[in-house]
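Written out below as C-alpha cells is the structure these notes cover.
The values are calculated or read from the model by the stated rules, or taken from the named source; none is laboratory data. Since we're looking at a predicted model, the values are computed, not measured. Cβ placement follows ideal geometry from the backbone for every residue including glycine, while neighbour counts extend to all protein chains displayed. For the accessible areas, the whole protein counts, side chains as well, though only heavy atoms, and no ligand, DNA or RNA atoms are used. Shrake-Rupley method; radii C 1.70, N 1.55, O 1.52, S 1.80 Å.
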Amino acid sequence: MVPRSRGFVPFGMGLFLYVKLERRLIVEEKLKELKERAISKINEADSMAILEKARVHYLGKKGELTKILRGMGALSAEERPLIGKIANIVRENIENTLEEAKKAIKDRELEKKLQSEAIDVTMPGKKIRTGRRHPLTQAMDDLKKIFISMGFEVAEGPEVETVYYNFDALNAPQNHPSRDMSDTFYINENVILRTQTSPVQVRVMEKTKPPIRIVSLGRCFRNDTPDATHSPMFHQIEGLVVDKGITMGDLKGTLEVFAKHFFGPDTQMKFRPHNFPFTEPSAEVDATCFKCGGTGCSVCKGVGWIEVLGAGMVHPNVLKNCGIDPEIYSGFAFGMGIDRLTMQKYGIDDIRILFENDMRFINQF
Ligand code: PHE
C-alpha cells in the first residue's frame, strides 16, 4: 500500500476537490455578477416604484439572491458558511445602494416640489373683488332697522308651510281663490310653499303672550308665470302688534313713521278700504310717490301715489284661533311686497333681473 504522505492527494480525490472548488467559484461568480447587475440597475432607477421593483427582484423571497442560495445545497458543509458570508455581503451592498438611491430620489423629488411651489414675491397679487349687498338685502336691512327702532322684534317662519297656518288659521274660507292649485304651490294636500308672510302672525301668537310687536321678512311663492312684473318667488315683510287697546290709530301712526323713514320725511299716506280674510277692517295703503312727491311721474304712472301695502285690524277669529281673547286684546297687522318697492326705488323695470345674480347688475347698488 502506498503510504500517504502529507500533501499527497490521490488523483481521484484531486479531481473531486477540483470539481468542488469549481462549483464554489461558480456560485461566487454568480453572486458577484448579481451584485453588479443589481447595483447598476438601482443606480439607473429614477422613481421609488422602480426601486421597489428592483428590491423585490433581487432581494425578495422569490428573488435572484434566494435562488442562488438555494443552489448551495450541492456545496459541502465547510463551503456553505463561506458562500453564506459572501451572500450576506452582497445583500448588504445591494441594500445600502438601495438606501442611498432612495434618499437621492427623495431629495430630488423634494427639490422639484420646492421649485414648482416657489413663490415669486415680486408678482402682482390677484385682486379680490368685493361683493355688494343685493338691493333686496339692502331694502330688507333698511326695513328691519326702521321697525327695530320702533321697538319691534324680528321673527322668522318657515317657507314650506302648512295649509293650516297659511290659510285656515288666518280665517281664509275654504273657497278662497288664493287656495287654488293654479295660484299656490302644493307639496301635498296639507303642505304648501307659503303664499304670504302672514302665517308667521299665527306662529308668533300661538307661542307668545301679548304684548306682541314683531316684523317678519322672507320669501313667498305663488304660481305665477315669470314676466317683467311677476315672479313665482318674491319677498314680503309682515308686521303684527297685539296688546290691550290697540286701535286703527296705532296702525296709521306706525305706518306713517315707517313711510317717512323709508320714502322720505314729506311722505303722505292714504288708506283705501279693502278686504283680507284675516283683518277687519282692512285697507290698502298708498304713499305719495317718493320720486315726484305726488305730482305724477313715470314711477307712479302719473297718479302721484304708489300702492305700498295691505293692512288692517287683526280679525277676532284669528286671535281666537291662536288662543288670544279678542274681548281683552286687539291688534293690527300689515304686509308689504319688498320686490316692487325696491324696483320703484331704483328704477328697475324687470323683476326677473333681481334673481339672475348678474354682478354687472348688483354692482350698481
Ligand atoms: N298677506 C297679505 C297679502 O299678501 C297682506 C296683508 C298682511 C294684509 C297683513 C293685511 C294684514 O296680500
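Could you tell me whether R203 is without any contact (Cβ under 8 Å) to a residue 60 or more places away in the chain, within 19 Å of C322 (Cβ to Cβ) and out of contact with any strand residue (DSSP E or B) (no Cβ under 6 Å at 6 or more places or on another chain)? Let's see the steps before the verdict.
Details: without any contact (Cβ under 8 Å) to a residue 60 or more places away in the chain: yes; within 19 Å of C322 (Cβ to Cβ): yes; out of contact with any strand residue (DSSP E or B) (no Cβ under 6 Å at 6 or more places or on another chain): yes.
Yes, satisfied.
Would it be correct to say that L170 is within 12 Å of the ligand (Cβ to nearest atom), in contact (Cβ under 8 Å) with a residue 12 or more places away in the chain and not polar (S, T, N, Q)? Give the steps one after another, and end with the answer.
Working: within 12 Å of the ligand (Cβ to nearest atom): yes; in contact (Cβ under 8 Å) with a residue 12 or more places away in the chain: yes; not polar (S, T, N, Q): yes.
Yes.
May I ask you to list the residues in the range 254-313 that are of a type in the set (S, T, Y) and under 24 Å from V200 (Cα atoms)?
Within the range 254-313, T254, T279, S282 qualify.
To keep it simple, each residue is scored yes or no on (1) open to solvent by less than 60 Å² (accessible area, probe 1.4 Å); (2) at pLDDT 90 or above.
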{"site": "N96", "(1), (2)": "no, yes"}
{"site": "K103", "(1), (2)": "no, yes"}
{"site": "I128", "(1), (2)": "no, no"}
{"site": "Q138", "(1), (2)": "yes, yes"}
Can you tell me which residues in the range 205-255 are within 37 Å of the chain's Cα centre (by Cα), assigned to a loop (DSSP other than H, G, I, E, B) and farther than 16 Å from E156 by Cα? R222, N223, D224, T225, P226, D227, A228, T229, H230, S231, P232
Which numbered condition trips up H134, out of (1) touching a residue at least 24 places away in the same chain (Cβ under 8 Å); (2) farther than 30 Å from I351 by Cβ? (2)
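If I filter the range 185-202 down to residues being assigned to a loop (DSSP other than H, G, I, E, B) and within 12 Å of the ligand (Cβ to nearest atom), which single residue comes out as farthest from the chain's Cα centre (by Cα)? Break it down into steps so the answer makes sense when it comes.
Narrowing the range 185-202 to residues assigned to a loop (DSSP other than H, G, I, E, B): 185, 187-190, 194-198.
Those still in the list that are within 12 Å of the ligand (Cβ to nearest atom) too: 194-198.
Details: R194: 25, T195: 27, Q196: 28, T197: 27, S198: 30 Å.
That would be S198.
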Step by step: first the residues of the range 256-277, then only those that are within 39 Å of the chain's Cα centre (by Cα) and open to solvent by less than 50 Å² (accessible area, probe 1.4 Å), then the one that is nearest to the ligand (Cβ to nearest atom). Which residue is that? F258
Quick count over the range 287-324, residues being closer than 22 Å to H235 by Cα, open to solvent by less than 10 Å² (accessible area, probe 1.4 Å) and not in a strand (DSSP E or B), is 2
How about the range 173-194: which of its residues are free of Cβ contacts under 8 Å to residues at least 40 places away in the same chain and among the charged types (D, E, K, R)? R179, D180, E189, R194
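Might you let me know whether the range 278-286 holds any residue that is surrounded by 14 or more Cβ atoms within 10 Å (Cβ to Cβ), more than 27 Å from A155 (Cα to Cα), more than 37 Å from the chain's Cα centre (by Cα) and not hydrophobic (A, V, I, L, M, F, W, C)? I'd like the intermediate steps shown before the answer.
First, pick out the residues of the range 278-286 that are surrounded by 14 or more Cβ atoms within 10 Å (Cβ to Cβ): 278-286.
Going one step further and asking which of them are more than 27 Å from A155 (Cα to Cα), we end up with none.
No, the conditions are met nowhere in the range 278-286.
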When the range 75-94 is checked residue by residue, the ones that are assigned to a helix (DSSP H, G or I), of a type outside the set (D, E) and open to solvent by 60 Å² or more (accessible area, probe 1.4 Å) are R80, P81, L82, K85, N88, I89, R91
Answer yes if at least one residue in the range 319-331 is in the same structural domain as H230 (by TED's automatic domain parsing) and at pLDDT below 95, and no otherwise. no
Enumeration of residues in the range 258-301 that are at pLDDT 95 or above and of a type in the set (S, T, Y): T279, S282
Limited to the range 325-350, what total is found for residues that are away from the ligand (no atom under 16 Å from the Cβ) and among the hydrophobic types (A, V, I, L, M, F, W, C)? 3
Just one of (1) over 28 Å from E161 (Cβ atoms); (2) within 13 Å of the ligand (Cβ to nearest atom); (3) of a type in the set (K, R) trips up R222, so point out which. (1)
If we scan the range 62-78, do we find a residue that is modelled with pLDDT of 90 or more and among the polar types (S, T, N, Q)? no
Taking the options E33, E22, E111, name whichever one is open to solvent by 90 Å² or more (accessible area, probe 1.4 Å) and assigned to a helix (DSSP H, G or I). E111
Only one of (1) open to solvent by 50 Å² or more (accessible area, probe 1.4 Å); (2) touching a Leu at 6+ places or on another chain (Cβ under 9 Å); (3) not in a strand (DSSP E or B) fails for K145. Which number is that? (2)
